[in-house]
Every structure is written in structure tokens, then in C-alpha cells.
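The block underneath contains the structure these notes are about, expressed in C-alpha cells.
The values are calculated or read from the model by the stated rules, or taken from the named source; none is laboratory data. Source: prediction; values computed, not measured. All Cβ positions, glycine included, derive from the backbone under ideal geometry; neighbour counts span all protein chains shown. In case anyone asks, the SASA skips ligands and DNA or RNA and just uses the protein heavy atoms, side chains included. Shrake-Rupley method; radii C 1.70, N 1.55, O 1.52, S 1.80 Å.
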Amino acid sequence: MKGVAASPGIVIGQAHVLKEYPIHIDQQPIAAEQVEAELQKFEEALVKAKSQLEIIRDKAKKEMGADKAEIFGAHLMMLEDEVFLGEIREKIKSESLRAEYALTLVVAAYTEMFQNMEDEYLKERAADIQDVSDRLVKNLLNIPMQSLADLAEEVVIIARDLTPSDTAQMNKECVMAFATEMGGRTSHTAIMARSLEIPAVVGCVGLLAEVQNGDLVIVDGNKGLVFLNPDQDTLEQYRKAQEEYARYIQELKELKDLPAETNDQARRVELVANIGTPKDCAGALANGAEGIGLYRTEFLYMDRAALPGEDEQFVAYKAVAEEMKGRPVIIRTLDIGGDKKLPYLDMPEEMNPFLGWRAIRMCLDREEILRTQLRAIMRASAYGTLRIMYPMVSNADEIRKANAILAEVKADLDREGIPYDRNLQVGIMVEIPAAAVIADLLIKEVDFFSIGTNDLIQYTIAVDRMNEHISYLYEPLHPAVLRLVKNVIDASHRAGKWTGMCGEMAGDVAAAPILLGLGLDEFSMSAVSIPRVKKVIRGLTWAEAQEIAQKALAAESAEEIRRLLKTEEESLAN
Ligand code: PEP
Ligand code: MG
């Protein structure tokens, strides 16, 4: 069965199917004199849910760390949210509904709101609301909670979906892998599985109908495949694949502290991480990141009622600067708009939000937002090696305007006697084709470029990066994309400056030989990809990489490039 590869690794084991108790919710109104008792029942279920969640949160904190336990803090907050609870109580009262029915109606409205959000991450948060609601419903109906706490032997967990509470309670020694029917790459199960390093396949439609407790299953978290009661040949093949994968992982571990250089030591590059919050620094360092190539600051501005102030931002930027201990950290100024909206900013409804009032455009319009952020970054720059990067730049004038504000910020700090890094580098994201084409002009205004391929690809090929109907056109190896990438790197080198890449393409092992050969100086990616890309780079000579890049540039299509990469890979393996 095919699902989504959520967490890498290969496991062969016995299925442990999570049972689902049927839940019947009575939709008939109750008599008016019962309403008081129903409200009381709801309050009791609430108290019970809170104490259950507190226990789970404390266990999670001990076993998985404070940041992973935070999700239960969020669940507890939902149970204290007077607007949410008020809506439920109101429904019980005014419509004489049973507590569980009133709850499901209110939760359905919230869930739908989250599911309609464009942001993948926020969309998946609907699952958290559902988790809290399930807990309340079960408490209201006296249905026992299933628990993974008392597993006694090693098993593969098969479930419709795993809730945060399931994973927090589970006895991890006994869980070899997960396979679930629901979820995508950013679902809770997937995120947890990756952070616990448990192989997982999610979104495997129809799985539960096919599998029985005790069945032999293979979970291939690399390819997103699940095999039920496999035949002897498949089993043999997977036993071998499992051994090979174990060797591969061992090799990756050994690479952690080695430089990202070609095997003839003729070319060295920097492998750095993309992060969204200061907490991600730990994972970056554990995977051998030499710095942070993209700190997406939007998260500081999201999920709140007003803009974050200068001091709050300063604390976050300083934390990253200090944690990275002098390694370079590129902070991207606010990149809001497109799929990322801020409810408190009064953003216009747009026909084409990805081509609209966003990122540096919005920041130059609402100057005070940029000024506050730049001040916070400059103040934090005294505590490490920070760099500033402007997103969505399309012409030199935008850089000059942003830099003029930066100059004013520095002058203010000087006047106030506040220290900052006077050598701080300033760069831009090259993610609009126009910027890539005039890279020779833009490099005069900055110290470095970082190529944002996620957007550069969508604009170059005119293919919406969120639209699954045309995702087949979204091709990082399109010759147009490669030519733009080459143009950007060459322009920076001619000016004695450097170019990095922080779009997903930088972490793609297939693209790595080409990017290396084109002369990319810095590769920024999710932390777990760092060892994988490092292995590719250390497996090539500088001449080999350059030759691959030349051949790729001469190719007529992405398919031809992919064929070429396959042949190269095979010839290098022999
Ligand atoms: C990009 O566009 O490649 C990028 C890194 O930025 P984001 O994905 O945040 O738009
Ligand atoms: Mg972008």
C-alpha cells in the first residue's frame, strides 16, 4: 500500500492495531429541566480532561523535552478558552442539547476553519482541536482511553491516526514504526515520528480494513510503502534493504563533524540549516550544521493578536545568536503575505496573493514594522554572527530603501550607545526571476545572495507551488531554473561575493552534485538533510561535480538531466 513517507527507515515487525471504540452521539434535544445536569456533566468532563492532560504533559516533558510537551500546554489552553467553552455551554442551554452533541457542533466549526487555511502547518492543527474534543467526548460518554503506555513487546503501530496524547503516552521502547491512514508530511504523527526517529508512513488510505493484529508488516518510511503479510521474495529483499539502510545511517553519523568538501579536497562548501524558531537550533547543531542559512521569522508574528515588539524579537534573535556560538545566522526579515496571513494586519484580499503586497514590499510600505525588526536584529548582533536577508526583492531600489532604514537604525543605536556588529553582512533572497536575471546589478547593493528556489521555481515556470493539479510541472531541474541559478552564482563570484541556497532544492540529494558543480557556496536545508547532502558532496571530486554541472546545463530537459544523474550515480558507485 502506498502512503506518504513521513519518517525514514525500514522496519519489519508485527502489527498492533489500535482499536477504535464506536462512539454514538445522541442528537435528540433533552428536556428543559435536564439542562442544568448536562451543564454539570460538561464541567466534570472538563475537569477530568484537564487532569489527564496535565499528567500527559508532565510525562512528555520528562521524556521528550519541554518543547515537545508544549503541545499539551496548548491543549490545556483550549480547555481554558472561555470563548470556545462559552459557545458550547450556550448551545447546551439555548438549544437543550446534550453536552457531547453541543461540543461536536462547535468543534466542527473550528476544525473546518483550520482545515480551510492555506498554510499546511495551520491546517494540520485541526487535528489538535479534534484530539481535545475526542478526549472530552470520551469523558462525557465514559469510554475508556486507549493507551500505548502498556505495550509489552516490540510492535508496528497501525492506526487511523495517532493523536499527540497517543504518542506522548506510548512506551517508546516497544514501538518499531507507525503506519496510519490519516495525515500528511506535516501532520502531528509525522513530526513526532521524525523527532523520535521512528520510521513512519502516514496517509495510507484503506489500511485498517486490510490489516489484523499480529500480521507481519513491512514499513518502508523512505519510500512511503507498507507491505502486509509480504511474500518470501519481498521479505528477503527488505531484509537486505534494511541492512543497507543501517549501514548508510551509520556512515551518516560518522560524517557529523567532517567538513563538506569534495573527496579531493579541492572544493569546500558550507552546509547550514533552515529554522523557524530558536528551539530548532538544537537539531541543527546535532546534525552538524555550520550555521543557520535561513531563520524564517514569520513564526514570531503568527498565532497572536498584535505585532511582536522590539524586545520580544531581540530575545529570540539573541537566543539564536548565542546558541549558534559565533556560527553565522541569516535572519530573514518578515516574509508575510502569499499563503501566510496575519489577521491583525488588515491585509487586502488579492486576486494573486503570491504576486501581491507581501514580504519586502509590505515592509517598505509599513516601514515601522521593518524598522522595529532591524533594530531587534542589530541589537542581537552583538551576541554572535548575525546576517540580514530581505525576501522577495525584485529590483535594486528596494534594497537601497531597506538599507537606508538599516543605516538610520545603526545611527540611532550609535547615538544611544548600544553595541552592534559593525561588519554584519546584508543579503537578499533571489526568488523572483527578474532578480536572478539582473543579479549582476543587485550584487552591487549586497554582501551575498541566497536563492529561494521554492518561489523561484513557481515564478519561473508559472506553476503555483500549492496546487497539486499542476505539481507535475514543478521541476527544480528545469533548464530555465538551472540557468538562473548559474547566472546568480556567477554574478556573485565575479563581484568577489558569495551565493547560498535556502529553498528545498538545496537539501535535495539528486540536485546536490549539480549545485556543487555550479559553484554554490552555501547549502541551507532542514537539519536532517545535512548529513545526506554531505555524503553526496564527499563522494565526488571537484572535477566530477563540475562536469556533471556542465552536462546538466547542456541538457534539453529535466528528464534528460535526471537520466544523466542516474548514469553518473551508477558509474560512481562502480
Ligand atoms: C523559498 O522561496 O525558496 C524560501 C526559502 O522561502 P519560503 O519557502 O519561506 O517562501
Ligand atoms: Mg520564498
Test for ARG371: is it more than 30 Å from PRO513 (Cα to Cα), free of Cβ contacts under 8 Å to residues at least 24 places away in the same chain and either open to solvent by 40 Å² or more (accessible area, probe 1.4 Å) or more than 16 Å from ligand 1 (Cβ to nearest atom) (or both): no
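Please determine, by comparing only the residues of the range 427-445 that are open to solvent by less than 10 Å² (accessible area, probe 1.4 Å), of a type in the set (Val, Ile, Thr) and under 28 Å from the mean Cα position of the chain (by Cα), which one is nearest to ligand 1 (Cβ to nearest atom).
VAL430
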Failed item, numbered, when PHE299 is tested on (1) in contact (Cβ under 8 Å) with a residue 24 or more places away in the chain; (2) within 16 Å of ligand 1 (Cβ to nearest atom): (1)
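Here is a yes/no grid of residues against (1) within 17 Å of LEU136 (Cβ to Cβ); (2) part of a helix (DSSP H, G or I); (3) modelled with pLDDT of 85 or more; (4) more than 23 Å from the chain's Cα centre (by Cα):
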{"position": "ILE25", "(1), (2), (3), (4)": "yes, no, yes, yes"}
{"position": "GLU33", "(1), (2), (3), (4)": "no, yes, yes, yes"}
{"position": "LYS41", "(1), (2), (3), (4)": "yes, yes, yes, yes"}
{"position": "LYS61", "(1), (2), (3), (4)": "no, yes, no, no"}
{"position": "LYS68", "(1), (2), (3), (4)": "no, yes, no, no"}
Tabulated pairs, the range 62-83, first of a type in the set (Asp, Glu), second part of a helix (DSSP H, G or I) and open to solvent by 30 Å² or more (accessible area, probe 1.4 Å), C-beta under 7 angstrom, 6+ apart or interchain: ASP67/LYS279
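Taking the range 391-413, which residues are of a type in the set (Gly, Ala, Ser) and either touching a Phe, Trp or Tyr at 6+ places or on another chain (Cβ under 9 Å) or not assigned by TED's automatic domain parsing to the domain that holds ILE443 (or both)? Please lay out each step first, then the result.
Looking only at the range 391-413, we keep the residues that are of a type in the set (Gly, Ala, Ser), and these are 394, 396, 402, 404, 407, 411.
The one that is of a type in the set (Gly, Ala, Ser) and either touching a Phe, Trp or Tyr at 6+ places or on another chain (Cβ under 9 Å) or not assigned by TED's automatic domain parsing to the domain that holds ILE443 (or both): ALA402.
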Collect the residues in the range 208-225 that are under 30 Å from ASP67 (Cβ atoms) and among the hydrophobic types (A, V, I, L, M, F, W, C), keeping them in residue-number order. VAL219
Scan the range 128-182 for residues that are more than 22 Å from MET78 (Cα to Cα) and part of a helix (DSSP H, G or I) and jot them down. LYS172, GLU173, CYS174
Taking the range 555-574 and the residues there that are open to solvent by 80 Å² or more (accessible area, probe 1.4 Å) and in a helix (DSSP H, G or I), the one that is nearest to TYR248 (Cα to Cα) would be ALA573
How many residues does the range 446-460 contain that are over 21 Å from the mean Cα position of the chain (by Cα) and within 14 Å of ligand 2 (Cβ to nearest atom)? 3
Does the range 86-99 include one or more residues that are touching a Lys or Arg at 6+ places or on another chain (Cβ under 7 Å) and modelled with pLDDT under 80? no
Condition set assigned to a strand (DSSP E or B) and not hydrophobic (A, V, I, L, M, F, W, C), scope the range 316-363, selection surrounded by the most Cβ atoms within 10 Å (Cβ to Cβ): answer is GLY337
Please specify each residue of the range 267-284 satisfying the condition of being open to solvent by 50 Å² or more (accessible area, probe 1.4 Å) and either of a type in the set (Lys, Arg) or in a helix (DSSP H, G or I) (or both). ARG268, LYS279, ASP280, ALA282
Residues in the range 350-360: is at least one at pLDDT 85 or above and touching a Phe, Trp or Tyr at 6+ places or on another chain (Cβ under 6 Å)? yes
Output the residue which, of all residues in the range 463-485 that are away from ligand 1 (no atom under 15 Å from the Cβ) and aliphatic (A, V, I, L, M), is surrounded by the fewest Cβ atoms within 10 Å (Cβ to Cβ). ILE470
Identify, from the list VAL528, VAL536, the residue that is touching a residue at least 12 places away in the same chain (Cβ under 8 Å), outside any loop (DSSP other than H, G, I, E, B), within 21 Å of PRO8 (Cβ to Cβ) and open to solvent by 70 Å² or more (accessible area, probe 1.4 Å). VAL528
Could you list, in sequence order, the residues of the range 374-386 that are open to solvent by 10 Å² or more (accessible area, probe 1.4 Å) and either assigned to a helix (DSSP H, G or I) or without any contact (Cβ under 8 Å) to a residue 40 or more places away in the chain (or both)? ARG375, ARG379, ALA382, TYR383
Exposed (fewer than 14 other Cβ atoms within 10 Å of the Cβ) and under 29 Å from GLY184 (Cβ atoms): is that true of GLU118 in this structure? yes
In the range 387-409, which residues are more than 16 Å from ligand 2 (Cβ to nearest atom), of a type outside the set (A, V, I, L, M, F, W, C) and crowded, with 16+ Cβ neighbours inside 10 Å? ARG387, LYS401, ASN403
Some residue of the range 139-154 being touching a Gly at 6+ places or on another chain (Cβ under 9 Å) and farther than 17 Å from GLU54 by Cα: yes
